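To start, the structure itself, in structure tokens.
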Amino acid sequence: MQLTEKIKSLIRDIPDFPRQGIAFKDITPLLEDPQTVASIVKRITAHYGTQKIDAVAAIEARGFLFGMLLSQALKVPFVPIRKEGKLPFDKIKQEYALEYGNASVEMHSDAVKAGWQVLIHDDLLATGGTAGAAAKLIQQLKGEVAGFSFIVNLSFLPGCEALESNFYRKPHYLIQY
Ligand code: AMP
């Protein structure tokens, strides 16, 4: 079976979670298959093979699952981006729009050095709001967005186009719906 087919077979749809009308893509069955996890890490790192990457930044919480593995495979630092109020040290903050209201993500203010090329990773790209806020955090510290990496893209939402037009980086993903 091809890797993309295998990934699709290991992601389950949870209808109306966390609320009515949302089809939640649950990646937990994927985490139970170490061979597929290893293949995913290999595929993503191969995509960025020749590019200079100084750190991987990933978004709480599901972004951490593969984000840390990617940083290990690329042998670069891992930078956690968390929901507001979770990080203990000096931090910077970025707000972004949700369907109803706003949310914020934060990053430690010493996590990215000026000029670093930072790869942003999350499990899934929907509207692009979260990854866009992560990119702005990197830019606040004078880092550069090396790329956006996802396992899943929801292609019926405008996240991919939004990230590309705002940050001039074409998002990379392994499967789409
Ligand atoms: P967005 O900011 O709209 O691109 O949403 C992406 C973030 O929300 C990621 O951290 C995803 O884990 C989560 N997310 C959004 N929609 C879904 C979905 N249908 N299934 C699973 N996670 C989702």
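Computed from the coordinates by the stated procedures, all read-outs in this text should not be read as laboratory data. If you're wondering where the values come from, they're calculated on a predicted model, not measured in any experiment. Note: ideal-geometry Cβ built from the backbone for every residue, glycine included; neighbour counts use all protein chains shown.
Just to be sure I understand: of the beta bridges DSSP finds with both ends in the chain, what percent are antiparallel, rounded to 5?
Roughly 40 percent of the DSSP beta bridges within the chain come out antiparallel.
What is the ratio of the Cα radius of gyration of segment 20-88 to 2.2 N^0.38 Å, with N the residue count, to two decimals?
1.26
Could you work out [θ]222 nm for the chain from helices alone, using -39500 (n - 2.57) per DSSP H run of at least four and dividing by all its residues? Round to the nearest 500 deg cm²/dmol.
-9500 deg cm²/dmol
Between residue 110 and residue 84, what is the FRET efficiency for a Förster distance of 22 Å, r being their Cβ-Cβ separation, to the nearest 0.05?
0.75
In whole angstrom, how far apart do the alpha carbon centroids of segment 109-177 and segment 1-50 sit?
If we compute the Cα centre of each part, the gap is 18 Å.
Full-extension gain between residue 2 and residue 166, please, as 0.36 nm times their residue separation minus the C-alpha to C-alpha distance.
55.8 nm
With +1 assigned to the C-beta of every Lys and Arg and -1 to the C-beta of every Asp and Glu, and no other charges, what is the dipole magnitude of the chain about the Cα centre in debye, to the nearest 20?
In debye, rounded to 20, the chain gives about 400.
Please list, in order along segment 115-121, the HN-Hα scalar couplings obtained from phi with the Karplus expression 6.51 cos²θ - 1.76 cosθ + 1.60 (θ = phi - 60°), rounded to whole Hz, x for Gly and Pro.
These are the phi-based 3J(HN,Hα) values: x, 5, 8, 10, 8, 9, 10 Hz.
Determine the gain in length on full extension of the stretch residue 35-residue 20; use 0.36 nm per residue of separation and subtract their C-alpha separation, reporting nm with one decimal.
2.0 nm is the gain from fully extending residue 35 to residue 20.
What residues have an amide H closer than 5 Å to that of residue 121, excluding those fewer than 5 places away on the same chain, when H is modeled at 1.01 Å from N in the peptide plane?
Excluding prolines and chain starts, which carry no amide H, the hits are 57, 58, 59, 149.
Let me know the number of lysine pairs in segment 1-84 closer than 20 Å at the Cα, not counting same-chain pairs under 8 apart.
7
Hey, in the GNM for the chain with a 10 angstrom Cα cutoff, which one of 150, 167, 17 fluctuates hardest?
Per the Cα network of the chain with a 10 Å cutoff, 17 tops the list.
Rank by packing, highest mean first: peptides 128-136, 98-106, with packing defined as the count of other Cβ atoms within 10 Å averaged across residues.
Order by mean packing, descending: 128-136, 98-106.
How big is the antiparallel share of DSSP beta bridges in segment 75-177, given as a percent to the nearest 5?
45
Would you mind checking which residues have amide H under 5 Å from residue 91's amide H? H placed 1.01 Å from N; only 5 or more apart, or other chain.
Counting only residues 5 or more places away or on other chains, the set is 109.
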